[in-house]
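Quick note: the coordinates plus some simple rules give every number you see, no bench work behind them. All values derive from a computational prediction rather than experimental measurement.
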Amino acid sequence: MVTVRDTGVGFEEHYASKLFEPLTRQEQGRDRAGGGLGLGLAIAMQLAKLQGGSLSAASPGIGKGAVFTLRIPAANRSEDARSMDT
């Protein structure tokens with residue numbers, strides 16, 4: 001498990017379920033100073049799923065940062081050794 005905590009713009013609780021959808025971006029106002037295409041978290045979620053893991057996000061609210069947690073199961077060393085032999 002890897003947890004990353006930032007001090008960025010954060011997000012409202014109801015928005016957490018939408019964060020990992022492609023092309024989804026939180027409204028940033030007219031200047032779009034935050035940038036981004038809305039693809040990064042969707043790609044990260046798919047990579048986590050491909051590894052049998054998960055990615056989640058939480059935030060106490062706008063202007064209060066966010067916490068992202070990546071969970072990936074540990075590999076079984078005996079399985080890894082067998083796959084290298086073939």
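Stretched out fully, how many nm does the piece from LYS64 to GLU21 gain, at 0.36 nm a residue minus the Cα gap?
13.3 nm
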Multiply the residue separation of ASN76 and LYS49 by 0.36 nm, subtract the distance between their alpha-carbon atoms, and state the gained length in nm to one decimal. 8.0 nm
